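Notes follow once the structure below has been shown.
The values are calculated or read from the model by the stated rules, or taken from the named source; none is laboratory data. This is a predicted model, so every value here is computed, not measured. As a convention, Cβ positions derive from the backbone with ideal geometry for all residues, glycine included, and neighbour counts pool all protein chains shown. The protein model used for the area step is the full one, side chains on, heavy atoms only, and it has no ligands, DNA or RNA in it. Shrake-Rupley method; radii C 1.70, N 1.55, O 1.52, S 1.80 Å.
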Amino acid sequence: MNNLTEVLQMLTDLHITLLETSKKKQEILISAEINPLLAVMADESKLIKKIKEADELRMEVLEHENTYLPLSKLIEQQPDKDIQAEWTAKMLLLERLFQEIEKVNHLNQQLLQQSLTYTQFMIEKMIPQSEGSGLYSAEAASQDSREYARLFDIKA
């Protein structure tokens with residue numbers, strides 16, 4: 001079961017790094033810089049891939065030990081009190097990390113939504129209002145499609 005301890009440590013380290021990356025992404029979103037955001041998102045994707053691999057490794061270790069129990073049940077059944085305490089600490093730390101990552105990601109989602117709303121607002125303000133549809137034909141389907149077509153005409 002020492003392998004499980006190593007895998008749990010690996011998962012913990014990866015999630016700590018993911019939390020730091022999410023916080024870095026939040027700072028970049030606040031500063032509204034695009035290029036650093038792309039680099040952080042690439043790093044984040046690599047971390048998520050590593051986390052998936054580590055989790056698969058955890059499942060392999062449990063299958064190798066013929067243990068198909070959730071970690072909490074496995075901890076309860078562990079006869080060695082030192083290992084039991086170590087696994088409990090790692091499980092609680094992972095749970096806390098999951099919650100923090102979820103909180104930061106939720107805030108990042110709100111920041112992105114606000115940024116998109118502001119960008120849409122600014123585009124609408126920069127496009128002059130016109131009576132015509134901006135389309136090449138007189139039969140425009142809806143007001144929304146006419147507005148997007150006007151944006152296309154202005155850019156073209």
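Computed values, structure above
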{"read-out": "Accessible-area value, Leu92, 1.4 Å probe, nucleic acids and ligands omitted, Å²", "value": "90 Å²"}
{"read-out": "C-alpha center-to-center spacing [region 28-88, region 96-130] in angstrom", "value": "29 Å"}
{"read-out": "From phi via Karplus (6.51, -1.76, 1.60), per-residue ³J(HN,Hα) for region 82-94 in Hz, x at Gly/Pro", "value": "5, 5, 4, 5, 5, 5, 4, 4, 5, 5, 5, 5, 4"}
{"read-out": "Entries in Lys24/Lys49; Lys52/Lys81; Lys24/Lys90 that, when Cα-Cα distance is taken, lie over 21 Å", "value": "Lys52/Lys81; Lys24/Lys90"}
{"read-out": "At 0.692 mPa s and 37 °C, Stokes diffusion of region 30-126 via Kirkwood alpha-carbon radius, µm² per second", "value": "191 µm²/s"}
{"read-out": "Gain in span if fully extended, His106 to Lys49, counting 0.36 nm per residue against the direct Cα distance", "value": "18.5 nm"}
{"read-out": "Rounded accessible area of Phe121 (nearest 10 Å², 1.4 Å probe)", "value": "100 Å²"}
{"read-out": "For His106, solvent-accessible area (1.4 Å; no DNA, RNA or ligand), Å²", "value": "100 Å²"}
{"read-out": "Which of Lys50, Lys125 is most accessible, then next, and so on - probe 1.4 Å", "value": "Lys125, Lys50"}
{"read-out": "Of all accessible heavy-atom area on region 1-76, the percent that carbon and sulfur account for (1.4 Å)", "value": "54 percent"}
{"read-out": "FRET efficiency for Leu116 and Glu76, using Cβ-Cβ distance with R0 set to 35 Å, rounded to 0.05", "value": "0.15"}
{"read-out": "Stretchable slack from Ser31 to Leu92, in nm (0.36 nm times residue separation minus alpha-carbon distance)", "value": "18.6 nm"}
{"read-out": "³J(HN,Hα) computed for each position of region 38-51 - Karplus, 6.51 cos²θ - 1.76 cosθ + 1.60, integer Hz, glycine/proline x", "value": "5, 5, 5, 5, 5, 4, 4, 5, 5, 5, 5, 5, 5, 5"}
